[in-house]
Amino acid sequence: DPPYLKYTDHPWVDSMMNSLTVEEKIGQLIWIAAFANRDIGYDVSISNMVERYGIGGVIFFQGNAVKQAQMINHFREISKVPPLIAIDGEWGVGMRLEEIPGFPFQMTLGAIKNDSLIYTMGKHIADQMKRSGVDINLAPVADVNNNPGNPVINARSFGENPQSVSRKTVAYMKGMQDNGIIAVAKHFPGHGDTEVDSHFDLPVIKHNMERLQSVELVPFRSLVNSGIGAVMPGHIWVPALDPARNIPATISHPVLTGLLRNDMRFKGLILSDAMNMGGITKYTNPGESEVLALAAGMDVLEYVTDPGRAIESIMAALKSGRLTMS
């Protein structure tokens, strides 16, 4: 079993869960974005959101390390359950925070022969994360970048060879997780062979299952089998996995529950890509998209722009039976 499963029966978790209302439990599934470089009015509004909705996680995008630490400490003081803190630090916290140098892009690291160097980098990135108050890094990118026209993954991928990408992502993941930071494999089931940026629209991956198994899914299987803590599905439509038109993996039951949970036997967190991206917002409405994601098998809804609306929609779906408490 993956090492993180030993924490799921922790008495603190049970006592905390038993003390939460239904609304507070839903709040634990929601992460909001935060920026550590805005004015006091912004800081107050984010704090109010964390406190009012019992937000489960905060993902930081920009700012400086001191201000970010102050905000994290404040969020922990005002929360019944301390929120998880995440950052999208593919090449370290320097990807997001000022005055901290970043490590090389993944494409550069793809040329390294000695993968133990990538493990060491993962360890140093974990140390950076812990010093800046972060629990989860939204990395590694496990996409096989086999399309030179890719506008969004390109240099963020370790390369175009599935076996090499597997080895290097596992080394990076273990470097982090051996040193106390949860890693996230993204963008499941593979965002490499696309010419559309899912921040703006819904990319379509048109390959058959045989090709997906031999290329796109190879690194994800390695990471799952090596005990990665979380997987992030992309806002990408893969008709071979779910023929329903314009259904991003984010809200696809066959992708999240059928493939990732049942077939690949993944037991960790399924964590959404940002719920404000065009790849999801162009095809579903806020509130409804969160319900659809949970129904498909999502665990955590990341970068929710309107938590109040999301909680209302999820409560309504519970009342109507579209979602169950389990």
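The values are calculated or read from the model by the stated rules, or taken from the named source; none is laboratory data. Quick caveat, the model's predicted, so the values are computed rather than measured. Virtual Cβ from ideal backbone geometry, glycine too; neighbours counted across all protein chains shown. Heads up: the accessible areas ignore ligands, DNA and RNA and are worked out on the full protein's heavy atoms, side chains in. Shrake-Rupley method; radii C 1.70, N 1.55, O 1.52, S 1.80 Å.
Assorted remarks:
- The 3J(HN,Hα) values that the Karplus relation (6.51, -1.76, 1.60; θ = phi - 60°) gives for the stretch 99-105 are, in residue order, 6, 10, x, x, 7, x, 4 Hz. Gly and Pro appear as x.
- Here's how it looks for Ala185: its modeled amide H is under 5 Å from those of Ala230, Val231, Met232, which are all 5 or more places away or on a different chain.
- Shown for the stretch 1-95 is the translational diffusion coefficient from the Stokes-Einstein equation, using the Kirkwood radius over Cα pairs, a temperature of 10 °C and a viscosity of 1.306 mPa s: 109 µm²/s.
- Among the protein heavy atoms of the chain, carbon and sulfur supply 53% of the accessible surface, probe 1.4 Å, non-protein parts ignored.
- Loop-located trypsin sites (Lys or Arg not before Pro) in the stretch 111-155 (DSSP state not H, G, I, E or B) with no more than 16 neighbouring Cβ atoms inside 10 Å: Lys113.
- Rg and Dmax over the alpha-carbon atoms of the chain stand at 18.7, 55 Å.
- Sequentially through the stretch 272-285, phi angles give Karplus couplings (6.51, -1.76, 1.60; θ = phi - 60°) of 6, 6, 3, 7, 9, 7, x, x, 10, 6, 6, 10, 9, 9 Hz, Gly and Pro residues having no value and appearing as x.
- Residue among Ile78, Ile118, Ile40 with the largest mean-square fluctuation in a Gaussian network model of the chain, springs linking Cα atoms under 10 Å: Ile40
- Shown here for the stretch 265-326: trypsin sites (Lys or Arg not before Pro) in loop regions (DSSP other than H, G, I, E, B) with at most 12 other Cβ atoms within 10 Å, namely Arg265.
- Environment charge at Asp193 (Cβ cut-off 13 Å; Lys +1, Arg +1, Asp -1, Glu -1): -2
- The stretch 136-235, accessible area per residue, ligands and nucleic acids excluded (1.4 Å, Å²): 32 Å²
- Normalised per residue, the accessible area of the stretch 239-299 is 38 Å², obtained with a 1.4 Å probe and no contribution from ligands, DNA or RNA.
- Kirkwood Rh, Cα atoms: Rg over Rh of the stretch 207-311: 0.96
- Spacing of the two label points (7 Å from each Cα toward its C-beta) at Asp39 and Ile112, in nm: 4.3 nm
- For the stretch 69-214, the normalised intensity computed at q = 0.19, 0.20 Å⁻¹ comes to -1.11, -1.18 (log10 of I(q)/I(0), Debye sum over alpha carbons, equal scatterers, no solvent).
- In this Cβ point-charge picture (+1 for Lys and Arg, -1 for Asp and Glu), the chain has a dipole of about 480 debye about its Cα centre.
- Exposed-loop-free span, longest in the chain, where GluC sites (Glu not before Pro) count as exposed if DSSP calls them loop and at most 14 other C-beta atoms lie within 10 Å: 196-326
- Whole-angstrom gap from the stretch 222-275 to the stretch 31-100, using each part's C-alpha centre: 27 Å
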